[in-house]
Amino acid sequence: MKRSISILFLICSIFIFSQITKNYNINGISRKVIIYKPNTKSDNLPVVFVFHGHGGNANFASRRINIQDYYKDAVVVFMEGLPGRKVPGLDPNGTMNGWQIFTDDLEGRDIKFFDKVFSEIHRDYNIDDSRIYIIGHSNGARFANVLWKERGDKITAICSASAQGGNMISGAVPISVWMYMGKNDKIVSFESQEKSIPIVKTNLGITTDGKLENDKTIFEGKNKAELILQQSDAGHEFPKQSLPEIAEFFKKHSK
């Protein structure tokens, strides 16, 4: 019995010490992240940044978008938004956590947050800059596209679920992109998200038809960039069942 308890304690300890919470001061405002550190030793660690949807937080995202369970060799950083983004019908007073949705709004507060964390993890870990990935859901997906536009030179691939970049990302550097859209999305309409597809294709230099695989269409672009377009009959939720494939998509691509 004592041995079983000891083993359980050891397992829990390994789990606890692989996860840390940190706060960063950005222009006098405390910003929170949860970082999962890989248990394996490596001199070149990939990084996955995760951005929750409007009204979410880092704790919830770490459970709902648990990419750390499928990309165990990566440093996974769950970042937390702030109030201030007003959303008609959902958060009219802007009291919930959210992210900037354009490159120049909210005084660029979330880009500054990303820049700070990006710099600090390079100080704390041996980071492989050829393998920097981003996952965003809803408002967080829109912010992932903001980062693609503004920091695309630092990013290898993104997964943008239930919100896309639209005209804002026109001319963004070619990187690999996983776009997820639910045909019954009542928050960000499927039709509005579809309008981003030709913009992403242009950015990636895609000129040929894609290859259909189940609910995904796979396109090849220039500089080995790849677009995976996933469309389902679901609503606004994150496609949690696709996380193993998203992890493999990330692992496949490096700069």
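Applying the selection to the stretch 184-243, what residues are aromatic (F, W, Y) and either on the phi > 0 side of the Ramachandran plot or over 19 Å from the mean Cα position of the chain (by Cα) (or both)?
Residues of the stretch 184-243 aromatic (F, W, Y): 190, 219, 238.
Within the stretch 184-243, F190, F219 qualify.
So Q193 clears everything in (1) surrounded by fewer than 21 Cβ atoms within 10 Å (Cβ to Cβ); (2) more than 27 Å from Y71 (Cα to Cα) except one condition, right? Which one?
(1)
Condition test on I199, is it modelled with pLDDT of 95 or more, of a type outside the set (K, R), part of a helix (DSSP H, G or I) and touching a Ser or Thr at 6+ places or on another chain (Cβ under 6 Å)? Show your work before the answer.
Numbers: modelled with pLDDT of 95 or more: yes; of a type outside the set (K, R): yes; part of a helix (DSSP H, G or I): yes; touching a Ser or Thr at 6+ places or on another chain (Cβ under 6 Å): yes.
Judged against the criteria, I199 is a match.
All but one of (1) part of a helix (DSSP H, G or I); (2) farther than 20 Å from F238 by Cβ; (3) out of contact with any strand residue (DSSP E or B) (no Cβ under 7 Å at 6 or more places or on another chain) hold for G89, so report the exception by its number.
Failed condition: (1).
So, in the stretch 150-168, how many residues would count as being surrounded by fewer than 24 Cβ atoms within 10 Å (Cβ to Cβ) and more than 17 Å from K224 (Cβ to Cβ)?
The number of residues fulfilling the criteria is 6.
Has the stretch 109-130 got any residue that is closer than 25 Å to E194 by Cβ, modelled with pLDDT of 95 or more and buried (at least 16 other Cβ atoms within 10 Å of the Cβ)?
Looking through the stretch 109-130, none of the residues is closer than 25 Å to E194 by Cβ, modelled with pLDDT of 95 or more and buried (at least 16 other Cβ atoms within 10 Å of the Cβ).
What's the total number of residues in the stretch 54-74 that are in contact with a strand residue (DSSP E or B) (Cβ under 6 Å, 6 or more places away or on another chain) and either among the aliphatic types (A, V, I, L, M) or surrounded by fewer than 15 Cβ atoms within 10 Å (Cβ to Cβ) (or both)?
Final tally of qualifying residues: 5.
The values are calculated or read from the model by the stated rules, or taken from the named source; none is laboratory data. As the structure is a computational prediction, the values presented were derived from the model and not from experiment. Glycine gets a Cβ as well: all are built from the backbone with ideal geometry, and neighbour counts include every protein chain shown.
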